[in-house]
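Heads up, the thing below is written out as structure tokens.
All of the numbers you see were taken from the coordinates with simple rules; none came from a lab. Given the structure is predicted, the values throughout are model-derived calculations rather than measurements. Methodologically, a virtual Cβ is constructed for each residue, glycine included, from the backbone with ideal geometry; neighbour enumeration extends over all protein chains shown.
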Amino acid sequence: MLGVPALVAGCSEIVIATPPRKDGTVAPEVVYVANKVGATTILVAGGAQAVAAMAYGPATVPKVHKICGPGNCSKDDCSAMVSIDMPAGPSELLVIADPDVQPSIQHGEDSQVVLLAAGLSDSAVAAIEQEVRTQREALPRADIVRESISKSYILRVDSVAEALKFSNQYAPEHLILHLDDAEQHVAAITPLAQTTYCRHMAIARMYSGVNTLTFVKHITSQTLTKEGLDRLGDTVTTLAEAEGLEAHRNAVAIRLKDIRRNRS
């Protein structure tokens, strides 16, 4: 998921961090995918230690320029040393649903699921609650599911428009539009109907999802001709003087003086 946009962006060095299996080896599926995306290094470590190693670059691990993916708290701690994809946090799923909704739950114990029930009857909501309980007991990670459910809730709203307004403020990591006319509403959703990496503090209102541009650095430059400096110079010197930046003002004023002297 992260290696492909990095590859498309043309990153010359791609480091993949993955925790080892119980016997100390790397899962062959990970090795295969790493090869497919052109990874130059596989770091056999996970969690905070992997993030720290890539951020600070000890002798055996290359120091990277950007870290993307899990490890939200560790990435935040290292963000002064290395660029990160965004200040992500606990995973959450928001479902805006009509009466045909089918329940699902996100990743971990701190995950949250919110169902906005637009037009659902009492019996439909009760059926969803029962299905969630049934699925909870059938899953191998039932303890994590129980913890996630304790942070989740169903909120009944009068209309899809009200649900969309809620979504724009809540700005979830994942948004599912379980509606007959879902495509008509996508443009009205701030986080869009796509997977992003954002926290439940509405970061999706400020950050986009990870994409190819995540791995691209944009450089801006300016070229000013003598004619351009002659036209803009007085404005620049006035602004610099107002801000008390005399060296900036002089850098322009001296050049202006030369240009105008040579012109006369």
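Summary of computed values
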quantity: Of Gly38, Gly244, Gly209, the one that fluctuates the most in a GNM where the chain has Cα springs shorter than 10 Å; calculated: Gly244
quantity: Using alpha-carbon coordinates, inclination of helix 160-170 to the longest axis of the chain, degrees; calculated: 60
quantity: Ser150-Ser123 FRET efficiency (beta carbon distance; Förster radius 22 Å; 0.05 resolution); calculated: 0.35
quantity: Cα lying deepest toward the dipole's positive end in the chain, options Val51, Ala138, Val64, charges on Cβ; calculated: Val64
quantity: Whole-Hz couplings from phi, Karplus 6.51/-1.76/1.60, listed for segment 212-218; x for Gly and Pro; calculated: 4, 5, 4, 9, 10, 9, 9
quantity: Difference of contour (0.36 nm per residue) and Cα-Cα distance, Val4 to Glu137; calculated: 44.3 nm
quantity: Angle in degrees between helix 246-263 and the longest Cα principal axis of the chain, rounded to the nearest 10; calculated: 50
quantity: Cα coordinate range in the chain, projected on the principal axes (Å, largest first); calculated: 88, 54, 31
quantity: Long-range HN-HN contacts of Ala17 with modeled amide H, under 5 Å; calculated: Leu43
quantity: Globularity index of segment 16-91, i.e. its alpha-carbon radius of gyration over 2.2 N^0.38 Å; calculated: 1.10
quantity: On Cα atoms only, tilt of 226-242 relative to the major axis of the chain in degrees; calculated: 70
